[in-house]
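Below is one structure, written out as structure tokens; comments come after it.
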Amino acid sequence: MASPASGLHTLRANDDANGGAPTVRLEEIEVSADRTSALTAAPTDTKLEALQPKSVISLSYIANNITPTADYATIANLAPSVSNVETNGPGLSEAKHTTLRGFDDNSYNVTYDGIPFGDINDFSHHTTSYFPAKMIGRMDIERGPGTASDIGYATFGGTMALHSKDPRRDAAIIPTASYGSFNTQLEHLEFNTGTLAPLNGATAIGACQYINTAGYRTNADMWRRTYYSKILQPLGKGVALTFLGTYNDIKFNNPSTVTQAQINTLGRNYGLGGDPAKTDFKGYNYQAKQADMYYLALDADFASGWQLTDKFYTYAYNNESHESAVLGSVFATTSMTGAIKVNRYRAWGNYFLLSHEDDRGTFKTGVWWENTRNPRYQYRIDYTRAEALDYDPLANKSPKSTVKGYAYDMTAYLKTAQPFAEYVWRATSALTINPGIKYVSFTRQIEAPVNQTTRTPLYYQQTTPKTLPYLSTNYRIAADWSAYAQVAKGFLAPNNNQFYVPNPALNRAKPQETTNYQVGTVYKTDRFNADFDVYSIDYKNFPLTITDPITNQPHFSTADGAKFSGVETQFTYQLGGGFNAYVNGSINRAEFKKSKLDVPTVPNSTAVLGVLYSRGGFFGSLTDKYAGAFKVYDGSLNPNDASTAGNIGHGASYWLADLALGYGQKLHDSFLRSFKVKVQVNNLLDKHVQVLDSLKSNAGFFNVLPTRNYFLTVSGEF
């Protein structure tokens with residue numbers, strides 16, 4: 001039990017959502033001790049107690065080796081089975097395609113301090129809209145559904161679990177400045193109160209960040225302001241309260257994919273143009289977003305092994321997007337028109353966990369609920385008429401595929417409830433068995449005067465419930481070696497797009513269902529640590545969305561079944577002299593059951609080769625990331641029928657190397673207590689990589705990755 005001075009939550013603030021063993025407090029120390037052993041230097045790590053494959057990316061690795069402009073997708077790209085596509089520079093635009101074991105963004109979970117967040121339309125995420133790298137204290141890539149107490153929408157695909165930074169115990173002011181390629185500037189200021197004895201040992205951290213960049217792609221400017229605060233307040237013996245708040249305001253120009261012909265004629269970095277007379281004008285293709293998250297958490301240790309966690313939260317997302325410019329309005333064929341798309345949601349939720357531990361094991365029970373309201377609409381505008389609605393009420397004339405200028409106008413609601421119970425049974429000193437059960441219920445409600453795709457009214461509600469069993473086990477073979485196995489069911493409510501039909505009741509949308517199997521082993525010593533796993537996922541009702549690269553209109557279909565399988569590994573070896581070698585890799589397979597076609601955009605393998613150094617204040621890393629080949633199809637594909645795959649695109653594999661070098665030193669008897677300088681070079685070998693995104697009439701559309709780019713970062717501690 002934690003003392004009142006330290007606060008219980010300072011130990012448990014960044015535990016896994018299921019209330020796992022206490023973790024180290026996530027304080028960022030600008031200059032820390034050398035990390036020379038394989039245990040402390042590993043870029044991705046897991047525990048001997050693991051119940052599923054996991055890659056923990058530490059705060060020290062993020063602070064010293066990841067470009068400070070990065071978002072969470074940039075960080076996650078280090079892990080096995082993760083592939084990430086960023087076209088404007090590290091964290092300088094939304095990630096275009098981030099997969100985990102081949103699962104797209106809407107088929108895995110993302111959490112922040114255990115709180116699931118995402119877009120309720122399709123459970124996807126917006127990587128630049130919430131938490132930049134310098135406001136992440138640790139990141140866990142959990143490749144599996146977890147246990148019954150792991151909450152979220154799509155846990156079967158895995159979880160990218162972000163953890164916030166904790167306040168430091170000592171007072172400090174830490175300014176950071178970073179400058180780099182594409183005229184990128186980042187300023188970050190962090191303030192720590194230190195331990196406040198008059199407030200019963202409370203600690204607090206506050207930070208603000210501003211970033212501005214022209215971006216790698218032409219006219220792909222971005223600016224972002226982010227604010228962060230966290231307060232840890234002990235209330236008494238074994239009781240602590242935590243408050244966290246973040247706010248993010250971002251605006252960026254949003255170029256689309258490009259064809260090979262455009263690359264050849266306009267250049268590899270072509271994004272948007274500067275001529276208002278053309279549809280690719282940057283003023284017709286941009287997004288402005290605001291997002292926030294706030295929570296209040298109570299943690300308490302009671303007598304006789306009882307513990308309680310209760311976390312009440314809210315988060316929001318507001319996006320206004322200018323897009324789809326064309327020439328011609330209902331008033332004049334020479335008018336430049338476009339579309340404004342608005343997507344807003346506010347979620348309110350609560351996570352409650354009660355656990356009891358004794359000599360035989362730990363019992364956990366609790367519930368997660370969340371309610372979200374989501375207004376969405378898209379309407380055509382006329383730029384020559386000051387962005388007025390492109391609709392003539394006198395002539396009752398509307399643009400094609402709209403109703404009085406609106407392509408759709410709806411408010412969606414999602415209500416989620418997940419009560420659960422599990423027992424961590426210590427059957428022997430070496431064997432742990434963890435059975436659990438969870439009931440999930442998703443209720444979607446749509447109120448649409450103009451439904452998307454059909455352009456007709458729809459007022460509909462559907463509830464999809466399911467009971468999910470879980471079973472995991474861990475066996476300690478030796479003090480430094482363990483093995484684990486897991487089987488679990490997964491479930492996800494239908495996406496909103498399955499309700500874009502005249503009458504959903506006649507063709508009741510089916511939820512996604514999975515059965516996950518995996519086994520693995522973990523070995524850890526001071527000189528060498530490694531883990532290896534094999535997984536198989538049986539998938540029912542696999543949703544497939546293929547977006548037309550010209551019209552940006554999605555094509556929706558559902559496969560009766562799909563099969564995901566693979567092997568994964570990661571290991572670190574201490575070379576000596578401050579050096580450690582690091583390797584990870586995966587072989588991934590995904591195919592539709594009936595057609596035997598490959599699931600699109602699933603890399604067939606991933607790998608990282610790396611060397612790390614930490615000694616005498618100097619630190620650095622050289623990592624080379626590999627993403628394997630994959631396939632894409634056009635919108636005519638029926639995933640159950642191989643004969644419909646008329647056009648198949650083959651995405652090429654590629655390697656990208658990144659280098660980080662730095663030096664930090666503590667200063668004694670000085671107003672400046674420490675300083676750190678680091679240089680990062682992304683795409684070190686200046687590879688010219690273009691990643692196939694989609695097909696249209698046999699033409700490939702690509703995401704072009706940035707060429708070699710540099711960043712210099714300087715920070716001090718006062």
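The values are calculated or read from the model by the stated rules, or taken from the named source; none is laboratory data. Computed from a predicted structure; not experimentally measured. Glycine also receives a Cβ, built like all others from the backbone with ideal geometry; neighbour counts cover every protein chain displayed.
Would a scan of the stretch 227-234 turn up a residue that is hydroxyl-bearing (Ser, Thr, Tyr), farther than 19 Å from Phe701 by Cα and surrounded by fewer than 20 Cβ atoms within 10 Å (Cβ to Cβ)?
To start, the set of residues in the stretch 227-234 that are hydroxyl-bearing (Ser, Thr, Tyr) comprises 227-229.
Filter once more, so that each one left must be farther than 19 Å from Phe701 by Cα: 227-229.
Those left that are additionally surrounded by fewer than 20 Cβ atoms within 10 Å (Cβ to Cβ): 227, 229.
Among the residues of the stretch 227-234, at least one is hydroxyl-bearing (Ser, Thr, Tyr), farther than 19 Å from Phe701 by Cα and surrounded by fewer than 20 Cβ atoms within 10 Å (Cβ to Cβ), which makes the answer yes.
Regarding Ser335, is this residue touching a residue at least 12 places away in the same chain (Cβ under 8 Å), touching a helix residue (DSSP H, G or I) at 6+ places or on another chain (Cβ under 7 Å) and surrounded by fewer than 19 Cβ atoms within 10 Å (Cβ to Cβ)? Explain how you work it out, then say what you get.
Working: touching a residue at least 12 places away in the same chain (Cβ under 8 Å): yes; touching a helix residue (DSSP H, G or I) at 6+ places or on another chain (Cβ under 7 Å): yes; surrounded by fewer than 19 Cβ atoms within 10 Å (Cβ to Cβ): yes.
So Ser335 fits the description; yes.
Given Lys524, Lys596, which one is at pLDDT 95 or above, among the charged types (D, E, K, R) and out of contact with any strand residue (DSSP E or B) (no Cβ under 7 Å at 6 or more places or on another chain)?
Residue meeting the stated conditions: Lys524.
Mind listing just one residue for me: the one in the stretch 627-647 that is part of a strand (DSSP E or B) and out of contact with any Pro (no Cβ under 9 Å at 6 or more places or on another chain) and, of those, farthest from Lys676 (Cα to Cα)?
Applying the first criterion (part of a strand (DSSP E or B)) to the stretch 627-647 yields 627, 630-633, 638, 641.
Going one step further and asking which of them are out of contact with any Pro (no Cβ under 9 Å at 6 or more places or on another chain), we end up with 638, 641.
Values: Asn638: 55, Asp641: 57 Å.
This residue is Asp641.
Just to be sure I understand, how many residues within the stretch 258-272 are farther than 17 Å from Ser694 by Cβ and out of contact with any Ser or Thr (no Cβ under 7 Å at 6 or more places or on another chain)?
Of the residues in the stretch 258-272, 5 are farther than 17 Å from Ser694 by Cβ and out of contact with any Ser or Thr (no Cβ under 7 Å at 6 or more places or on another chain).
Among the residues of the stretch 163-190, write down those that are assigned to a strand (DSSP E or B), surrounded by fewer than 17 Cβ atoms within 10 Å (Cβ to Cβ) and not aromatic (Phe, Trp, Tyr). Steps first, answer last, please.
To start, the set of residues in the stretch 163-190 that are assigned to a strand (DSSP E or B) comprises 163, 172-180, 184-190.
From what is left, the residues that are surrounded by fewer than 17 Cβ atoms within 10 Å (Cβ to Cβ) are 173, 175, 177, 179, 185, 187, 189.
Within the stretch 163-190, Ile173, Pro175, Ala177, Gln185, Glu187, Leu189 meet the criteria.
Would you tally the residues in the stretch 406-464 being more than 18 Å from Phe363 (Cβ to Cβ) and of a type in the set (D, E, K, R)?
Pass one, the stretch 406-464, residues more than 18 Å from Phe363 (Cβ to Cβ): 406-417, 428-430, 440-464.
In the following step, the residues that additionally are of a type in the set (D, E, K, R) were identified as 409, 415, 444, 447, 455.
Residues that pass the stated criteria total 5.
Kindly list the number of the only condition in (1) in a loop (DSSP other than H, G, I, E, B); (2) at pLDDT 95 or above; (3) under 29 Å from the mean Cα position of the chain (by Cα) that fails for Ala509.
Among (1) in a loop (DSSP other than H, G, I, E, B); (2) at pLDDT 95 or above; (3) under 29 Å from the mean Cα position of the chain (by Cα), Ala509 violates only (2).
For the stretch 105-146, how many residues are in contact with a helix residue (DSSP H, G or I) (Cβ under 7 Å, 6 or more places away or on another chain), over 20 Å from Leu78 (Cα atoms), touching a residue at least 24 places away in the same chain (Cβ under 8 Å) and surrounded by fewer than 23 Cβ atoms within 10 Å (Cβ to Cβ)? Before the answer, list the steps.
Keep residues of the stretch 105-146 that are in contact with a helix residue (DSSP H, G or I) (Cβ under 7 Å, 6 or more places away or on another chain), which gives 107-109, 121-125, 127, 131, 133, 136-139, 141, 145-146.
Going one step further and asking which of them are over 20 Å from Leu78 (Cα atoms), we end up with 121-124, 145-146.
Next, from what is left, pick out any that are touching a residue at least 24 places away in the same chain (Cβ under 8 Å): 121-123, 145-146.
Imposing the further condition that a residue be surrounded by fewer than 23 Cβ atoms within 10 Å (Cβ to Cβ) reduces the set to 121-122.
Number satisfying all stated conditions: 2.
Of the conditions (1) touching a Phe, Trp or Tyr at 6+ places or on another chain (Cβ under 7 Å); (2) in contact (Cβ under 8 Å) with a residue 12 or more places away in the chain, Gln262 clears all except one; give me its number.
Single failed check for Gln262: (2).
What strands (runs of 3 or more DSSP E), lying completely within the stretch 191-306, carry at least 2 residues that are closer than 30 Å to Val342 by Cα and among the aliphatic types (A, V, I, L, M)?
Values: elements: 203-213, 222-236, 239-253, 286-301.
Per the criteria, 203-213, 239-253, 286-301.
It is to be established whether one or more residues within the stretch 682-694 are outside any strand (DSSP E or B), out of contact with any Asp or Glu (no Cβ under 9 Å at 6 or more places or on another chain) and surrounded by 15 or more Cβ atoms within 10 Å (Cβ to Cβ).
Of all residues in the stretch 682-694, those outside any strand (DSSP E or B) come to 683-689.
Imposing the further condition that a residue be out of contact with any Asp or Glu (no Cβ under 9 Å at 6 or more places or on another chain) reduces the set to 686-689.
If we keep only those that are surrounded by 15 or more Cβ atoms within 10 Å (Cβ to Cβ) too, we end up with 689.
Within the stretch 682-694 (the criterion being outside any strand (DSSP E or B), out of contact with any Asp or Glu (no Cβ under 9 Å at 6 or more places or on another chain) and surrounded by 15 or more Cβ atoms within 10 Å (Cβ to Cβ)), the answer is yes, since at least one residue qualifies.
For residues in the stretch 633-652 being of a type in the set (A, V, I, L, M) and surrounded by fewer than 21 Cβ atoms within 10 Å (Cβ to Cβ), which is modelled with the highest pLDDT?
As a first pass, look at the stretch 633-652 and keep what is of a type in the set (A, V, I, L, M): 637, 642, 645, 648, 652.
Right, trim to surrounded by fewer than 21 Cβ atoms within 10 Å (Cβ to Cβ) and you get 642, 645, 648, 652.
Working: Ala642: 90, Ala645: 87, Ile648: 91, Ala652: 97.
Applying the filter and picking the extreme gives Ala652.
Give me the pairs: first residue in the stretch 273-291 and within 26 Å of Arg344 (Cα to Cα), second residue in a loop (DSSP other than H, G, I, E, B) and among the charged types (D, E, K, R), beta-carbon distance under 8 Å, and six or more apart or on different chains, which are they?
Here the result reads Phe281/Asp275; Lys282/Asp221, each pair linking the stretch 273-291 to a residue that is in a loop (DSSP other than H, G, I, E, B) and among the charged types (D, E, K, R).
With a cut-off of at least 1 residues that are of a type in the set (Lys, Arg), name the strands (runs of 3 or more DSSP E) lying wholly within the stretch 77-143. So that I can check it myself, show each step before the final result.
On the way: elements: 82-85, 97-100, 109-112, 138-142.
Fully inside the stretch 77-143 and qualifying: 138-142.
Tell me the residue from Trp368, Trp425, Trp348 that is part of a strand (DSSP E or B), crowded, with 17+ Cβ neighbours inside 10 Å and within 33 Å of the chain's Cα centre (by Cα), please.
Numbers: Trp425 fails: crowded, with 17+ Cβ neighbours inside 10 Å; Trp348 fails: crowded, with 17+ Cβ neighbours inside 10 Å.
Matching residue, one of Trp368, Trp425, Trp348: Trp368.
Could you give me the residue pairs with C-beta distances under 7 Å whose first residue belongs to the stretch 186-205 and is within 21 Å of Val714 (Cβ to Cβ) and at pLDDT below 95, whose second residue is surrounded by 18 or more Cβ atoms within 10 Å (Cβ to Cβ) and of a type in the set (Lys, Arg) wherever it lies, and which are 6+ apart or on separate chains?
If the second residue must be surrounded by 18 or more Cβ atoms within 10 Å (Cβ to Cβ) and of a type in the set (Lys, Arg), no pairs are left.
What tally of residues in the stretch 618-668 results from selecting those that are within 26 Å of Ala41 (Cα to Cα), hydrophobic (A, V, I, L, M, F, W, C) and within 28 Å of the chain's Cα centre (by Cα)?
Our first condition is that a residue be within 26 Å of Ala41 (Cα to Cα); within the stretch 618-668, this holds for 618-627, 655-667.
Adding the requirement that they be hydrophobic (A, V, I, L, M, F, W, C) leaves 618-619, 622, 627, 655-657, 659-661, 667.
After this cut, where a residue has to be within 28 Å of the chain's Cα centre (by Cα) as well, the list is 619, 622, 627, 655-657, 659-661.
Going through the stretch 618-668 one residue at a time, the tally reaches 9.
From the list Pro502, Pro399, Pro457, Pro494, exactly one residue is over 30 Å from Leu354 (Cβ atoms) and in contact (Cβ under 8 Å) with a residue 60 or more places away in the chain. Which is it?
Pro399
Could you please find all residues in the stretch 191-245 being within 31 Å of the chain's Cα centre (by Cα) and among the hydroxyl-bearing types (Ser, Thr, Tyr)?
Thr193, Thr203, Tyr210, Thr213, Tyr216, Thr218, Thr226, Tyr227, Tyr228, Ser229, Thr242 - these are the residues of the stretch 191-245 that are within 31 Å of the chain's Cα centre (by Cα) and among the hydroxyl-bearing types (Ser, Thr, Tyr).
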